[in-house]
1. Using a 1.4 angstrom probe on the protein heavy atoms only, line up Thr576, Thr135, Thr763 by accessible area, largest first.
2. Quick one: helix 177-186 against the long Cα principal axis of the chain, what's the angle to the nearest 10°, folded into 0 to 90?
3. Please work out the ratio of the alpha-carbon Rg of the stretch 862-928 to 2.2 N^0.38 Å and round it to two decimals.
4. Can you tell me the orientation of helix 420-429 relative to the chain, as the angle in degrees between its alpha-carbon axis and the longest Cα principal axis, to the nearest 10?
5. With a 1.4 Å probe and every protein chain left in place, tell me how much accessible area Ile644 has, in Å² to the nearest 10.
6. Can you run phi through the Karplus equation (6.51, -1.76, 1.60; θ = phi - 60°) for the stretch 546-554 and list ³J(HN,Hα) in whole Hz, with x for Gly and Pro?
7. Sort largest first and round to whole Å: the equivalent ellipsoid semi-axes of the chain, each the square root of five times a Cα gyration tensor eigenvalue.
8. Which length gain, in nm to one decimal place, applies between Glu461 and Ala667 when the Cα-Cα distance is subtracted from 0.36 nm times their residue separation?
Amino acid sequence: MPARCTSKSALAVLLGLGTAISNAASIERRALDAPEEFDNGWTYQGCYVDVGRTINRANKVDGQMTNAMCTEFCFESGHPYAGTEYYTECFCGDSLATGGVEANEADCNTPCGGDSAEPCGGPNRLTLYRTSEITVVEPSVNPGVGGWASLGCYAEGTTGRALTSGLNTVPGGEMTVAKCTAGCRTAGFKYAGVEYAGECYCGNSIANNGRPATSGCNMLCNGNHTEYCGGPDRLNMYEFEPTSTTTTADPGQPPATSSTSASPTATQPDPEPEPSDLPEGWSSYGCWVDGVGGRILNYQAPDDPDLTLVSCVNKCAARGNTIAGAEYHTQCFCGDIIVNGGEQATSESQCSTPCGGDADQNCGGPNRMSIFSVGEPTVYGPPEPVQSIGGWAYQGCSVDNVGNARVFPWQLLFEGTMKPSDCLDACAEFGYMAAGLEYGGECYCGDPGDLEAKGSEFVDESECNIACAGDASAICGGGSRMTTYFWEDDPFYVWEYPEDGTPAAGSYDFLIGGRCIPLMTSQAINGKVTFLEKWGTGPPNSTGAYELDLSEIDNFEAAWRTMHVKTDIFCAAGVTLPDKAGRQLTVGGWSGDSTYGVRLYTPDGSAGVKGTNDWEENVQILSLQDGRWYPSTLNMANGSILVIGGEEGSNAAPVPTLEILPYTGTAPLYMDWLERTDPNNLYPFVCVLPSGGIFVAYWNEARILDEDTFETIQNLPDIPGAVNDPLGGRTYPLEGTAVLLPQHAPYEEPLGVLMCGGSTETTGNALDNCVSIQPDAAEPEWVLERMPSPRVMSCIAPLPDGTYLILNGARKGVAGFGLAENPNLNAVLYDANKPVGRRMSVMANTTVARMYHSEAITLLDGRVLVSGSDPQDGVNPQEYRVETFTPPYLLSGQPRPSFEVESTDWAFNEVVTFTLGAAARNGAITASLLGSVSSTHGNSMGARTLVPAVACTGTTCTVTAPPNAHICPPGWYQFYVLDGGIPAVGVFVRIGGDPAGLGNWPEGQGFTQPGI
């Protein structure tokens, strides 16, 4: 899932080849020439995008790698594609993955470990070769494996699943015929079927009129694209140890097979009517008709060739059931009620097939059961749809799998247990207002509008004809038919949709063409915006750092200042220091020295005047103790900097530690929960709590740490994920976004934490919800609210009026190069002052895809600056353009206030005077403080929203600074004054001073110390 995977040996070669990587000025880039051909028919194809694995059948790493070595290895391995990557890596494959498209030739810029004159790809780039001397095997039907034999393509049953037991032990994204058949065999089943590329079903008979089909098994297995895994309503069917000769079976029964021990036939002597050794309380209740409206008992035991009436009754009694039914020689069914309108046969002679284990007894017949029960069996008539459950109302029978796509996006399986309420309750818990029940045990959640959007329609009630597995009196859909319900009580959500183009919808606007593809942005205290991008692994002409002067937007050259870094900031962390200069700090990076990097920039210059300061770095003088890629940083209440988590670099081992800057003399502290949850815990969300603890959220977990010892004070409830996947996550690479909800003076309410979006690990289903919690509450619980659309790689920007802008990202996939699709182009305004479920408004759309490595920060002028996107997916471009989003408060036509503040260096609880440019014209005068933000990977490090107390007499006003370092950690904040919710242009103020003395840090040549 992460962007790259580089072995330690490759890293060693990288450091050897690039010894000058720690000094930007010494890097010399030169053209590399790829050989056009090699023996065995290999020809050069070009430089190609590696989508994290474009070719993935075989690989090797060698410090002396060359393209000749790689092509020879792939030829010997039998693969027609060969590609070298990142100095030392070789990959082979049979075809190119989606998104593996030709890239710019200059992107393949890393020399081979064994020949520095030729390219061996680059970061996420392959130097690609192909040979025509190896023929790739086309996809085919797997003939069988491990004693299983293919029966061909089968249509699903008309009154239920052809195979009635779903297998959930194989993830759908990894499905193969071998895994499905092995799973069914382990569970004791005779038949196995793969369906819809990633579904597996098992059974001991082919039930519900499942039958051979001539077409439709056309979907490749998710886990093996060389074989077929059924299709919509089609199974590739397999039988364990089948015999070669078949005879015609009675309707609805599995085919009979001939063997050396053939099943007894009805011509044998009449069996005894009832055995004498039944368990206490059990009696025979005669011959019953099965299968007219579906099975009359809900549980089917594995077929038993030695079945007797007593053994069947014993099986059911052991399960705790009170009814047993023996059928067709070897089949045994159990339940507590007779369902589907079962009735006694007109003649006992219809139960005429001898038991497989005792030819003197009859075990039912074709579609007939010999019934035994503890007392008179209860009979339910044919099932009917439940018309209403709570706030849910039945709508009818609707069509699913329209155009091979599910109508409702979220699937839950309740195998053997589903009641309508199970499905409806699950959907309601996650805010879905439409639900569909299908095949007796499948549940689908979505929204009412999904039916029209997917082209579904309601059909005759008779097409939904399968009883619920857990409630035989209720209908739970049919074959590709859903018993459909809508929520008709108070809605779980009400989203506002301001008319596009109106002030209420806000506006995306082009700001300026860019100089880089940033992965981290921040507005410095000089008002300028710093942009940091990959360096060394980025574009060949990049210096890794740039600064944008917003006052010079109409003059491209004057607007941009080129800056420099010395190591690669690719996936580093950043924060604004609380020292009096407001220095910007970044830590960590891509590999080698980069991962240990501690970089500082002292903002200088002013509007229209370029500064001269640059990023300062020297790993010999100042470095992290543990190298880190994808870490997080936090300004602590004591003024120190917390650095937490990450990996060693290049997708290597986790770094499950935290450390403090400046160095305290203490080694990094090990955190077992960081190691346990790697790699889904990267860029963890951290904040200082008013209670004095430190909140940290990672993957789907959260906890509170002691700010002195970093021991866990409290484990918080797990973070809700998806309706069908509690392991859906919020941090990279399942990347959502997080922010702190407003704290209002006098700061008595517990602080709220809001997280929006994310994804699921195996399926890459982007989450369509936000969750919030008050960690300091007496009994903290997560509150879930739906978002208008799914979103992964989301960003969030706090706004001066206490609202938040959610934007950027994709609707499917996970974070990383080429791992997501379908960009989410709209913005959502979140207003925490409104009730839960009523807080979101869908705003204007952009035309620019902002996916992996995109950012959003709030500017002093109240707009949101939107930048970046480096998807490398062969579809959406690397994005240099910079946009702004203008919120409704700047488009309302109401006059903006202005102000001057007496001081920009505040102590806690200090009363500071500011003067309005004019008396209030729109409403009440209020103020807000937004923490200085460093934005990367959905993590707005430093973000915090405070609403301090304000008092005015005429145009003279006072604002009271927050009371302490736990409400307001020491640092720089954007201070806004608002008139009736309309913000003035803000200014940066510092609150709480520099308690850790960072102004005198670090000591050593090449670093600026602004002083205390």
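1. Largest to smallest exposure gives the sequence Thr135, Thr763, Thr576.
2. So the inclination is approximately 60 degrees.
3. Computed over Cα atoms of the stretch 862-928, the ratio equals 1.77.
4. The answer is roughly 0 degrees.
5. Ile644 has an accessible surface of roughly 0 Å² with all protein chains in place.
6. 8, 10, 10, 8, 5, 7, 10, 4, 7
7. One finds semi-axes of 60, 36, 23 Å for the chain.
8. This chain segment gains 67.3 nm when fully extended.
The values are calculated or read from the model by the stated rules, or taken from the named source; none is laboratory data. The structure presented is a predicted model; accordingly, all values stated were derived computationally and were not measured. Here Cβ is always computed from backbone atoms with ideal geometry, including for glycine, and neighbour counts include all displayed protein chains. Remember, those area values only see protein heavy atoms, side chains included, never the ligands or the DNA or RNA. Shrake-Rupley method; radii C 1.70, N 1.55, O 1.52, S 1.80 Å.
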